[in-house]
Amino acid sequence: MKKVVKFGGSSLASAEQFIKVGDIIRADKSRRYVVPSAPGKRYSSDAKVTDLLYQCYHLAENGQAFNKQFGQIKDRYNEIIRGLKLNYSLEEDFETIKKQFISKAGEMYAASRGEYLNGKIMAKYLDYEFVDAANVIRFHKDGTLDAEKTNKLLAERLSAHERAVIPGFYGASANGTIITFSRGGSDITGSLVAKAVNANLYENWTDVSGFLVADPRVVKNPEIIHTITYSELRELAYMGASVLHEDAIFPVRKVGIPINIRNTNAPDEDGTMIVESTCRIPAYTITGIAGKKGFVAVNIEKDMMNSEIGFGRKVLQAFEDSGISFEHMPSGIDTMTIFVHQDEFAEKEQTVIADINNLAHPDSIELESDLALIAVVGRGMKSTRGTAGRLFSALAHAHINVKMIDQGSSELNIIIGVKNEDFNDAINAIYDMFVISQL
Ligand code: ASP
């Protein structure tokens, strides 16, 4: 059994958290490869070390003094080292980093040091080998990941070590220039390592007990999702549920390694298992509910639209020409509606409307703003009768007017459009119907 364990910033924000992490790793011998993030927030108003590094580097880049900010960063690490009672110093590294800042080694180099330094402490604390991600995570010159080369380098290097710490978030191009993933990218490193060592499981340790059925800011104490498929996760993540970096699923998904989201502060909980497919029936027919506010419906009417070949293409052309992507496109016989993001559309609306008029000559175009989209996602819907019936009766009882309905052919989700102001009530009504009433 071989596990790769990734710990997020809040799991490594202080010596106290490091101790919890050490206990978790030592509790299971198969936790052999460890991917740490940089120290995150210790309390809600605290700063993440990655943010401090960005700020500090911007000062250095503009030729301003950055000693004070740099001192803050050093303090964070020194506090951890002291708290862990390690006989260890990062002074040499601090000096090198400072010099590199002065010689403007790049923003990505700066940001990557958060993980680099934390990885060194972690390796020392666990007595694991430290493997610098710069030598094993390879990027192309254009900043995109060289997945093939990375897999080869990681597999080669890690086959020589029974146990190792590989810092997350960064790698390097062939000439050694440090390149980072986008924010939250340590999740991707973990996934790449899991693939390369052919792990049985990729554990992603964070500060929540897994994916929740609904957003806790909307629904009080939502239930945890025990098992979710990659496709369901993608639907929910797209609609705003975020725990894991989106790109982290691709490397492991292909090779069938499950991801287990776990809580460092509640290690006895099972968390959420993310799998390619499962025969486990979800507990509540639906797996999760997620949504986003801030959409506009562009309603277009034209007599005999149904028989005019190419009408839809011309309308979509108008959006494409302005670089606007559309979310949904429900249609009637002589009507079609395009859902777009309000903030993206607002600045270009007049151009888009003029283009639709010129290209497609509709009878009318009407806009309806301040709409929200809610996705009700679940692999269980396919085999259950009456899901849509229950969903809409829940909304009707809550006096919510449904503006749009879209069920994908996969039957994995039903998307509904409601007014922004009905967003919270709608999600709660759905949650009550499918979860609370089943408890
Ligand atoms: N430390 C980086 C960030 O704050 C990467 C990560 O934590 O995954 O985005």
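Kindly rank 30-40, 383-393, 181-191 from highest to lowest mean number of other beta carbons found within 10 Å of each residue.
30-40, 181-191, 383-393
So what's the gap between the Cα centers of region 296-361 and region 12-60, to the nearest angstrom?
So the two Cα centres are separated by 47 Å.
Within 10 Å of each residue's Cβ, count the other Cβ atoms and sort Ile400, Ile333 from fewest upward.
Fewest-to-most Cβ neighbours within 10 Å comes out as Ile333, Ile400.
Quick check on packing: order 45-53, 345-353 by the mean number of other C-beta atoms within 10 Å, highest mean leading.
Descending mean neighbour count gives 45-53, 345-353.
Between Ala110, Ala429, Ala65, where does the largest GNM mean-square fluctuation fall for the chain, given springs only between Cα atoms within less than 10 Å?
Ala65
Just grab the label-to-label distance for Lys68 and Asn265, each label 7 Å out from Cα along the Cβ direction, in nm (one decimal).
For the pair Lys68/Asn265, the computed spacing is 3.1 nm.
Short version: ³J(HN,Hα) in whole Hz for each residue of region 369-382, in order, from phi by Karplus 6.51 cos²θ - 1.76 cosθ + 1.60 (θ = phi - 60°), x for Gly and Pro, what are they?
9, 6, 10, 10, 10, 10, 9, 9, 10, x, 5, x, 5, 4
Can you tell me the length gained on complete extension of the stretch Asp75 to Lys2, counting 0.36 nm per residue apart and subtracting the Cα distance?
So the chain would gain 22.8 nm between Asp75 and Lys2.
Using R₀ = 41 Å, calculate the FRET efficiency as 1/(1 + (r/R₀)^6) where r is the Cβ-Cβ separation of Ala147 and Glu91; round to 0.05.
Working from the Cβ atoms, E equals 0.70.
Count the DSSP beta bridges whose two residues both fall in the chain, then state the antiparallel fraction as a percent rounded to the nearest 5.
Counting only bridges with both partners in the chain, antiparallel ones make up about 65 percent.
In deg cm²/dmol and to the nearest 500, what is the mean residue ellipticity at 222 nm of the chain if only DSSP H runs of at least 4 residues count, each as -39500 (n - 2.57), divided by the residue total?
-11500 deg cm²/dmol
Pull out a ≥ b ≥ c, the square roots of the eigenvalues of the alpha-carbon gyration tensor of region 323-366, then state rounded if a/c is under 1.5, prolate if not and a/b is larger than b/c, and oblate in the remaining case.
oblate
Which peptide among 269-279, 243-253 comes first, and what is the full order, when sorted by highest mean count of other Cβ atoms within 10 Å?
Put in order of decreasing packing, that is 243-253, 269-279.
Which three lengths, in whole Å and largest first, does region 362-412 cover when its Cα atoms are put on their principal axes?
So the three principal-axis extents are 41, 27, 17 Å.
What FRET efficiency would be calculated for the residue pair Thr177, His341, taking the C-beta separation as r and a Förster radius of 25 Å, to the nearest 0.05?
0.10
In sequence order, what are the phi-derived ³J(HN,Hα) couplings for region 26-36 according to the Karplus relation 6.51 cos²θ - 1.76 cosθ + 1.60 with θ = phi - 60°, rounded to whole Hz, with x for glycine and proline?
Calculated HN-Hα couplings, in order: 6, 6, 9, 4, 6, 7, 9, 10, 10, 10, x Hz.
Treating the beta-carbon of each Lys and Arg as +1 and of each Asp and Glu as -1, no other charges, what is the dipole magnitude of region 1-116 about its Cα centre, to the nearest 20 debye?
Using Cβ point charges on Lys, Arg, Asp and Glu, region 1-116 gives about 520 debye.
Mind listing which GluC sites (Glu not before Pro) in region 20-120 are in a DSSP loop and have 14 or fewer other Cβ atoms within 10 Å?
Passing sites in region 20-120 do not exist.
Can you tell me the alpha carbon radius of gyration of the chain divided by the globular rule-of-thumb value 2.2 N^0.38 Å?
With N residues counted in the chain, Rg over 2.2 N^0.38 Å equals 1.12.
How much of the pair distance distribution for region 182-314 lies past 18 Å, counting alpha-carbon pairs only, in percent?
Above the 18 Å cut-off, region 182-314 has 61 percent of its Cα pairs.
Considering only Gly312, Gly119, Gly380, give the residue with the highest GNM mean-square fluctuation for the chain, with springs between Cα atoms whenever their separation is below 10 Å.
Among Gly312, Gly119, Gly380, the largest mean-square fluctuation in the Gaussian network model of the chain belongs to Gly312.
Can you work out the FRET efficiency for the pair Gln438 and Asp406, with r the C-beta to C-beta distance and R0 = 22 Å, to the nearest 0.05?
In this case the efficiency is close to 0.30.
Read-outs: derived from the displayed coordinates by stated rules, not from any lab. Remember, it's a predicted structure, so these values are computed and weren't measured experimentally. Here Cβ is always computed from backbone atoms with ideal geometry, including for glycine, and neighbour counts include all displayed protein chains.
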